[in-house]
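Bear in mind these aren't lab numbers, they're just calculated from the coordinates by the rules spelled out. Note that the coordinates shown come from a computational prediction; the quantities given were computed from them, not determined experimentally. Reconstructed Cβ throughout: ideal geometry from the backbone, glycine too, with neighbour counts over all protein chains shown.
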Amino acid sequence: MLGVTIIVGLFSASYPSVFLSNLKPAQILKGKTNTSRKSGLFRKALIVIQFVVSIVMIIGVFTIMKQVKYLNNTHLGFDPRNVILMPLLDTSFNRSYPAFKKELLKHPEIMQVSTTTGLPGFANYMDVMHVSSEEGTVEQIITFYECTHGFLSLLGVQMVQGRDFFPQNITDYSGAVLVNENAAGKYGWEEDPLAQYIERGYSEKDRYQVIGVMQDFNFHTLHEQITPIVIFLSKEARGYLLIKLHKDKTQEAIKIIERYWKEFGVNIPFDYEMLDAALSEYYEPEKNLLNIIVYFTVLTLFLALLGLYCFSSFVAENFTREIGIRKAHGATSGEIFLLLIKRFVYIVLAANIIAWPLAEVLTRNWLENFAYRIEVSLWMYILSAMLALLTAIITVGIQTYRSASQKPVDILKYE
């Protein structure tokens with residue numbers, strides 16, 4: 001930071017120092033301090049660069065804002081609302097889970113209860129399994145959950161083919177498995193997925209019949225594509241406890257759950273979080289980035305407008321005599337205003353021509369981090385151009401209108 005401060009300070013001070021040192025005393029005494037065409041181009045180039053950065057950042061704000069909104073509103077294939085999440089850290093609770101669930105479901109505030117070893121958006125288990133295919137049994141690395149009854153219905157995951165696990169079917173524990181649509185498509189099971197099987201284990205493999213195909217849901221974050229997943233039915237409550245609450249009685253339901261949590265002697269303090277809130281935390285980096293970009297966009301746009309205002313004052317000062325002569329020959333204040341402001345409109349338009357391709361590359365590269373992303377729209381570029389142009393016209397217009405509104409006699413007395 002100290003190095004940056006020194007370098008920026010030296011660079012900022014060097015230009016006026018070199019400029020002033022190159023002025024000739026004879027010209028200064030005559031009032032002739034007009035700069036060359038070369039220095040004028042340099043000043044314009046600096047303004048263009050400032051506006052290029054500003055326009056790129058404005059487009060970046062629109063892009064990130066739209067992507068964050070897309071992440072928050074995209075349907076994930078399941079419903080995480082009104083679901084509380086609790087990690088099962090006390091293994092002694094496994095034996096108490098059936099009775100605990102039974103007591104909770106007696107209350108209308110509690111809609112469903114289930115457990116799972118994996119959760120959408122969280123770190124999930126993967127294992128080497130053998131799946132049936134046209135070439136025989138092939139080895140695959142597959143994500144899997146081990147859940148108790150009611151997991152899919154609790155999250156609102158729909159069945160596409162076949163059935164969910166049935167509580168009365170004891171064989172579901174040791175011989176049944178559910179797969180998602182992606183798995184059925186990847187392994188070539190589209191025609192008859194319910195005739196397929198998955199083998200699990202190493203020396204002695206257990207075979208599980210596919211009894212149902214569930215719709216695809218995003219068990220990763222939206223940074224990644226949906227991949228195959230299989231769900232086994234577990235006899236024990238392990239991993240996470242999920243409880244679906246009545247949407248209008250959330251606080252009452254939480255008090256009930258806390259009471260039974262203590263009553264069943266769980267040795268872990270009662271602590272929970274809402275599933276939808278937990279999932280939204282995975283997109284906090286994007287939200288933080290949006291805030292940072294907004295702050296820096298305001299700052300860079302302010303600096304660009306400040307530079308443009310100073311440049312417009314400089315131009316108006318140098319064209320004082322020309323303004324007076326034009327007004328003396330009948331030019332109106334509006335005509336003088338348009339004549340002067342055109343110079344700055346060209347600067348902003350030039351900045352847009354440079355900024356658009358640069359913004360396109362940067363936004364496309366950032367969006368590549370997401371498997372599910374928005375399409376960059378033309379309106380983002382047009383709106384950013386209009387915003388930059390409008391603020392520039394307002395900024396320049398203040399100084400330009402002041403110069404154009406002076407009386408010719410006062411202007412011609414200037415020199």
- Note on the structure: Connecting every pair of Cα atoms under 10 Å apart in the chain and solving the GNM, the largest mean-square fluctuation among Pro120, Pro228, Pro269 falls on Pro269
- Query: Can you list residues whose amide H is under 5 Å from Ile229's amide H, if they're 5+ apart or on another chain and H is modeled 1.01 Å from N?
  - Reply: Asn180, Ala183
- Query: Using the alpha-carbon atoms, what tilt in degrees (0 to 90, nearest 10) does helix 250-263 show relative to the longest principal axis of the chain?
  - Reply: 50
- Would you work out the relative contact order for the chain, in percent, from Cα pairs under 8 angstrom that are 6 or more residues apart? 25
- Do the sum for the chain: with -39,500 (n - 2.57) for every DSSP H run of n ≥ 4, divided by all residues, what is the mean residue ellipticity at 222 nm, to the nearest 500 deg cm²/dmol? -17500 deg cm²/dmol
- Note on the structure: Against the 2.2 N^0.38 Å rule of thumb, the C-alpha Rg of the chain sits at a ratio of 1.56
- Ranked highest first by the average count of other Cβ atoms within 10 Å around their residues, in what order do 283-293, 74-84 fall? 74-84, 283-293
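Indicate the gyration tensor shape class of segment 115-241 (rounded, prolate or oblate), computed on the Cα atoms with a ≥ b ≥ c the square roots of the eigenvalues: a/c under 1.5 is rounded; otherwise a/b larger than b/c is prolate and the rest oblate.
On the way: a/c = 1.31, a/b = 1.14, b/c = 1.15.
In terms of gyration-tensor shape, rounded.
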- At most 14 other Cβ within 10 Å, DSSP loop - trypsin sites (Lys or Arg not before Pro), segment 161-203: Arg163
- Task: With a cut-off of 15 Å, note down the residues of segment 182-207 whose backbone N falls inside the zone around a label point 7 Å from the Cα of Asn169 toward its beta carbon.
- Result: 193-198
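Taking the Cα centre of the chain as origin and charging only Cβ (+1 Lys, Arg; -1 Asp, Glu), how large is the dipole, in debye to the nearest 20? Before the final figure, lay out the partial values.
Numbers: 38 positive and 39 negative charges, 700 e Å.
The calculation lands at about 3360 debye.
Sort 309-317, 167-175, 48-56 by packing, meaning the average of other beta carbons within 10 Å per residue, with the highest value first. Intermediate results must be reported in sequence, preceding the final value.
Numbers: 309-317: 16.9, 167-175: 12.1, 48-56: 22.7.
The peptides rank, most packed first, as 48-56, 309-317, 167-175.
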- Across segment 173-180, in residue order, what do the Karplus-derived ³J(HN,Hα) couplings come to in whole Hz, using 6.51 cos²θ - 1.76 cosθ + 1.60 with θ = phi - 60° and x for Gly and Pro? 5, 10, x, 10, 8, 10, 10, 8
- Task: Enumerate by residue number the GluC sites (Glu not before Pro) in segment 171-220 meeting two conditions: DSSP loop (anything except H, G, I, E, B), and at most 15 other Cβ atoms within 10 Å of the site's Cβ.
- Result: Glu190, Glu191, Glu204
